[in-house]
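Q: My questions will all concern the structure given below.
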Amino acid sequence: MKTQFLFLAFLMVLFGCKNESQTSSEEKNITTKQNEFAIIIHGGAGTILKKNMSDEKEAAYRTKLEEAIKVGHAILKNGGTSQEAVVKTIQVMEESPLFNAGKGAVFTNSGTNELDASFMDGKTLNAGAVAGVKDVKSPIELAVKVMTDSDHVMLSGDGASIFAKEKGLEIVDPSYFYTERRFKSLQRIKEKEKTELDHDDKTAAFYDADIKNSKFGTVGCVALDKNGNIAAGTSTGGMTNKRWGRIGDAPIIGSGTYANNLTCGVSSTGWGEYFIRSQVAYDISAQMEYQQKTLKEATTDVIHNKLTKLGGTGGVVALDKNGNMSFEFNTAGMYRASMNDKGELTVKIYKE
Ligand code: ASP
């Protein structure tokens, strides 16, 4: 009897210890600082396949992603704020014709470029956003100005431009945003819409990829600075051939962008309508706050379970208060990069 009791006690101690060590390794992710500062970016998700990509094009994307993230990383390393890191990093991508944001933005049905952007500060939960802007060089800068210099969270169209002028932001002729590649995409999509021509297989596949990708290409960034402040921002031209003043998720706080120092920061890219309906960015933060999920668990559930079940496509980059980072997407690829406090850089495009 005494031996049985001792054996039982031994088992209880054994399992007790095991549970404790399991819990502590799961909690490690949530409670231990992985990085004192860190930065993560995306340049859009979509039907990005190696077989459709030339070596030069791939190299151009990789180089620009690296250039952009290094700008933000240097700011963080030197003790700068996550806000500054996010804005400066996104501006590199806004100025590059490679991405669907700023110069290189996609075209609306009427042949204009209408830009959306948003920014959120995880410390104060302050936020700013703009939608349907046609002549402001840096929509992300304008989104931050809305946050810092107005009583509002979101401004749109001509009103947003008037505000930008009053605040001395750089105004450009709308032709600044023009790129031949995006203009041709619009023409192809319109042609496809008008006529269901009998294309040969190769052309059909090309048209198909173009139409699928017409919904993608946004840029976004999340940063954690040395003071523990998280900031997130997103900037886009929206979807090719959009009409009726369509606005996607990118300027919607909680869908395209969210940041909270208690949980994480998120920037989304994908088919905006689904991201709005799923409240993707806020849902990730909420799952961490209310269900004590890790960043990885929350991003996985929101993208691969909830968004996918709804029929949505796209992805997120996210970064939590301890510097854990997560890329999650359900498309063929997502232009993305991350850099930690040790300066370790990751640049990826396809699923790997
Ligand atoms: N989410 C953006 C939108 O729907 C598009 C994108 O991410 O590429 O406007």
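Q: Restricting to the range 287-327, what's the tally of residues that are part of a strand (DSSP E or B) and either away from the ligand (no atom under 14 Å from the Cβ) or open to solvent by 30 Å² or more (accessible area, probe 1.4 Å) (or both)?
A: The first filter runs over the range 287-327 and keeps only residues part of a strand (DSSP E or B), leaving 314-320, 325-327.
Okay, now just the ones that are also either away from the ligand (no atom under 14 Å from the Cβ) or open to solvent by 30 Å² or more (accessible area, probe 1.4 Å) (or both), so 318-320, 325-327.
Total meeting the criteria: 6.
Q: Let me ask something else about it. So, in the range 72-93, exactly how many residues are open to solvent by 20 Å² or more (accessible area, probe 1.4 Å) and over 17 Å from the mean Cα position of the chain (by Cα)?
A: Matching residues across the range 72-93 total 6.
Q: When the residues of the range 105-163 are filtered to those that are within 30 Å of Ile189 (Cα to Cα) and of a type in the set (D, E, K, R), which remaining residue is least open to solvent (accessible area, probe 1.4 Å)?
A: Asp116
Q: Something else now. Just one of (1) farther than 29 Å from Arg188 by Cβ; (2) touching a residue at least 60 places away in the same chain (Cβ under 8 Å); (3) not in a loop (DSSP other than H, G, I, E, B) trips up Gly80, so point out which.
A: Checking Gly80 against (1) farther than 29 Å from Arg188 by Cβ; (2) touching a residue at least 60 places away in the same chain (Cβ under 8 Å); (3) not in a loop (DSSP other than H, G, I, E, B), the one that fails is (3).
Q: If you don't mind, another one. Would you mind stating whether Lys57 is open to solvent by 10 Å² or more (accessible area, probe 1.4 Å), more than 18 Å from Thr236 (Cα to Cα), at pLDDT below 95 and not aromatic (Phe, Trp, Tyr)? Give the derivation first.
A: Values: open to solvent by 10 Å² or more (accessible area, probe 1.4 Å): yes; more than 18 Å from Thr236 (Cα to Cα): yes; at pLDDT below 95: yes; not aromatic (Phe, Trp, Tyr): yes.
For Lys57, the condition - open to solvent by 10 Å² or more (accessible area, probe 1.4 Å), more than 18 Å from Thr236 (Cα to Cα), at pLDDT below 95 and not aromatic (Phe, Trp, Tyr) - is met.
Q: Would you tally the residues in the range 231-256 being in a strand (DSSP E or B) and open to solvent by less than 20 Å² (accessible area, probe 1.4 Å)? Spell out the reasoning first.
A: Filtering the range 231-256 for residues in a strand (DSSP E or B) gives 231-236, 253.
Filter again for open to solvent by less than 20 Å² (accessible area, probe 1.4 Å), leaving 231-236.
The qualifying residues number 6.
Q: Just need a number here: residues in the range 48-73 that are touching a residue at least 60 places away in the same chain (Cβ under 8 Å) and part of a helix (DSSP H, G or I). Spell out the reasoning first.
A: Applying the first criterion (touching a residue at least 60 places away in the same chain (Cβ under 8 Å)) to the range 48-73 yields 48-50, 52-53, 58, 61-62, 65-66, 68-70, 72-73.
Okay, now just the ones that are also part of a helix (DSSP H, G or I), so 50, 52, 58, 61-62, 65-66, 68-70, 72-73.
Number satisfying all stated conditions: 12.
Q: In addition: Given the structure, is Ile39 part of a helix (DSSP H, G or I) and modelled with pLDDT of 95 or more? I'd like the intermediate steps shown before the answer.
A: Working: part of a helix (DSSP H, G or I): no; modelled with pLDDT of 95 or more: yes.
Criteria not met by Ile39.
Q: Turning to a different aspect of this structure: Across the range 264-280, which residue is farthest from Phe37 (Cα to Cα) among those that are more than 10 Å from the ligand (Cβ to nearest atom) and either within 9 Å of the chain's Cα centre (by Cα) or open to solvent by 10 Å² or more (accessible area, probe 1.4 Å) (or both)?
A: Among those that are more than 10 Å from the ligand (Cβ to nearest atom) and either within 9 Å of the chain's Cα centre (by Cα) or open to solvent by 10 Å² or more (accessible area, probe 1.4 Å) (or both), it is Arg277.
The values are calculated or read from the model by the stated rules, or taken from the named source; none is laboratory data. Here the structure is a predicted model, which is why all the values come from computation and not from measurement. No Cβ is skipped: glycine too gets one built from the backbone with ideal geometry, and neighbour counts run over all protein chains shown. Just the protein is used for accessible areas: all its heavy atoms, side chains included, with ligands, DNA and RNA removed. Shrake-Rupley method; radii C 1.70, N 1.55, O 1.52, S 1.80 Å.
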